[in-house]
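What follows is calculated from the coordinates using simple rules that are stated; it is not laboratory data. Here the structure is a predicted model, which is why all the values come from computation and not from measurement. Quick reminder, even Gly has a Cβ in these numbers, built from the backbone with ideal geometry, and neighbours come from all protein chains shown.
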Amino acid sequence: MSSRYISSSVPNDIEELRRFLREEFSLISIAIGNLADGHYDVLHVAPSKPRTGDVRYADGSDWNPGSGEGLYTYLSSGAWSKL
């Protein structure tokens, strides 16, 4: 399960709203739980607009910021540094 939450379209039918909210809250709970547990999705491409302090897990082959697979942080110098 991914750490990223992407919302769905809200149904027009009020009867479908309960199911929709239950499913959305479940997805939100899973995403928050993954982040709280320290989970990072493995990325195969660099983020298009990284910001200082971003932390990402590089796969090391499709995206290799310099030292192979692993967890990296983005520095104010514009470089990725392996943690």
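In terms of packing, defined here as the mean over residues of other Cβ atoms within 10 angstrom, the peptides 48-56, 65-73, 6-14 line up highest first as 65-73, 48-56, 6-14. Dipole magnitude for the chain: about 320 debye, using +1 per Lys or Arg Cβ and -1 per Asp or Glu Cβ, origin at the Cα centre. For the chain, the antiparallel share of DSSP beta bridges with both residues in that region comes to about 80%.
Taken one residue at a time, the phi angles of the range 69-83 give Karplus couplings (6.51, -1.76, 1.60, θ = phi - 60°) of 4, x, 8, 10, 10, 8, 9, 5, 6, x, 10, 8, 10, 6, 8 Hz. Gly and Pro are set to x. Counting Lys and Arg as +1 and Asp and Glu as -1 over every other residue whose Cβ lies under 14 Å from the Cβ of L21, the net charge comes to -2. Taking every DSSP helix (H) stretch of at least 4 residues in the chain, weighting each as -39,500 (n - 2.57) and dividing the sum by the residue count yields a mean residue ellipticity at 222 nm of -9500 deg cm²/dmol. As a length-normalised measure over Cα pairs under 8 Å and 6 or more apart, the relative contact order of the chain settles at 20 percent. As a size descriptor, the averaged projected area of the C-alpha convex hull of the range 42-83 was calculated at 2.4 nm².
Considering only Cα atoms, the convex hull volume of the range 1-45 works out to 67 Å³ per residue. Axis angle, to the nearest 10 degrees, between helix 14-36 and the longest C-alpha principal axis of the chain: 20 degrees.
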